[in-house]
Amino acid sequence: MATRVKARSELIPYLVFIIYVITSFGGAVWLEVPSTGTKCVSEDIKQNVVVIADFSVVNDDSNPHNTFNIAARVTSPYGNNLYHQENVTHGQFAFTTTEAGNYLACFWIDESHKATTGVSVSLDWRTGIAAKDWESVARKEKLEGVELELRKLEGAIDAIHQNLIYLKSREADMREVSEITNGRVAWYSIMSIGVCIAVSVMQVFHLKRYFRKKKLI
Amino acid sequence: MVEQIAVVAVIVMVLSEIMGGVVGLRIMLEKQECLSHKADHGATVRASFVVVKVHGWRQSMSSGADLVVTGPSGEQIRDFRDKTSEMFEFVANKEGVYRFCFTNKSPFYETIDFDVHSSYFFHFDQEHAKDEHFKPLLESIAKLRDALYNIQYEQHWLGAQTSRQAIVNEKMGKRAIYKAVFESAALVSASGLQVYLLRRLFNRRLEMSGF
């Protein structure tokens, strides 16, 4: 009993250290926000998709004392403001898309800071299945360990399947446009030749009439 | 034993949670834009980019972007010039921040779809085969999860390529119509110009010879 308790308490700080190390490396991307102007990223998202994002200013080693505050804005494809926050160093936002289209997230340095250099912003942007709250699902359905992992895999596979169906429909649309264009190009070539022939025939008749009128023929 | 399994399960869950982020973003490239990604030692970093749209009419000429990937200490890892789409991977030998810098040589704005994703279990067999802490079942689940994330990453690239092709197709359709209209108008006006010039020539000749 005593040795088992000791082994567990030895393992816990190791575990905490691992979690700390791992969580400091995320699946995030760092953007470089310029000193003047905005930096925008966008993504084409379908309807009814959950989006969760986390952004924070990264402390650069080169200037440790200059931490600028940034402002962030997220707009929907039709221009509605979904999130707007000024003068912050970190923040997060979450929304469910109501329309399909290009969602834009823009960052800029606050005007109050007269910035001379840019600043790095870490953005962790998750859509769809990556944004799912597995903790609440686990609590609600009382899953844990291997069962929860397999449930996550099932979710991922379902997302892949939905994505594939979506890609298939887009390919079908594209194919239709392609075939219509193909047909149109054929018709337009024939029309062009037809116009050319008709115009030259008209030309010949007109000139013949003209020469006859002027008694040259 | 049970506690050890529970601890290992938590570790694997946390690991697989963090590795989940497949970041697919579109950026507007004017002249040069840089993105960074923090990678762990030994991770396989997979990245891809597709030039989805060129905001100008000269898409066929000089389209594409340059990409230079540099490591944490500034060493160059990859260099691509004038590519419209590329998919590549490399192993991060050092942990740190890897920079992906895009350069646009054409005078128009370009929209680039960029995706980067770190995978830890690609070389799992060599690295952790000796580690007895990880139970085989959880290990297999983690590998499976990694493979699924790879599929999602490739699907994202395919989606970006499809977007690009859809835009090219639409432009082609519009161009076919413009070409047809312009060509007919040009033919008709050339022929009219011909008739006018001939009439003028013969009128002058007739006037000169006194008719």
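The values are calculated or read from the model by the stated rules, or taken from the named source; none is laboratory data. Just so we're clear, the structure is a prediction, and the values are computed from it rather than from any experiment. So basically every Cβ, Gly included, is an ideal-geometry build from the backbone, and we count neighbours across all protein chains shown. Side chains are part of the model used for accessible areas, which takes the heavy atoms of the whole protein and leaves out ligands, DNA and RNA. Shrake-Rupley method; radii C 1.70, N 1.55, O 1.52, S 1.80 Å.
Below is a table of values for the structure above.
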{"item": "In the range B:177-211, the residues that are over 22 Å from A:Ile190 (Cβ atoms), open to solvent by 80 Å² or more (accessible area, probe 1.4 Å) and aliphatic (A, V, I, L, M)", "result": "B:Leu193, B:Leu197, B:Leu201, B:Met208"}
{"item": "Candidates A:Tyr78, A:Tyr20, A:Tyr14 - the one that is open to solvent by 40 Å² or more (accessible area, probe 1.4 Å) and at pLDDT 65 or above", "result": "A:Tyr78"}
{"item": "Test result for A:Ile165, more than 8 Å from chain B (Cβ to nearest Cβ) and under 23 Å from the mean Cα position of the chain (by Cα)", "result": "yes"}
{"item": "Test: residue in the range B:129-145 that is more than 14 Å from every other protein chain (Cβ to nearest Cβ), at pLDDT below 90 and part of a loop (DSSP other than H, G, I, E, B)", "result": "yes"}
{"item": "Residue list for the range A:193-217, filter: on the phi < 0 side of the Ramachandran plot and not in a helix (DSSP H, G or I)", "result": "A:Lys214, A:Leu216, A:Ile217"}
{"item": "In the range A:136-153, the residues that are part of a helix (DSSP H, G or I), open to solvent by 20 Å² or more (accessible area, probe 1.4 Å) and at the interface with chain B (Cβ under 10 Å from one of its Cβ atoms)", "result": "A:Val146, A:Leu150"}
{"item": "Scan of the range B:39-72 for residues that are within 14 Å of chain A (Cβ to nearest Cβ), modelled with pLDDT of 90 or more and open to solvent by 10 Å² or more (accessible area, probe 1.4 Å), ordered by number", "result": "B:Arg46, B:Thr70, B:Pro72"}
{"item": "All positions within the range A:116-135 that are hydrophobic (A, V, I, L, M, F, W, C) and either open to solvent by 50 Å² or more (accessible area, probe 1.4 Å) or closer than 25 Å to B:Tyr98 by Cβ (or both)", "result": "A:Val119, A:Val121, A:Leu123, A:Trp125, A:Ala130, A:Ala131"}
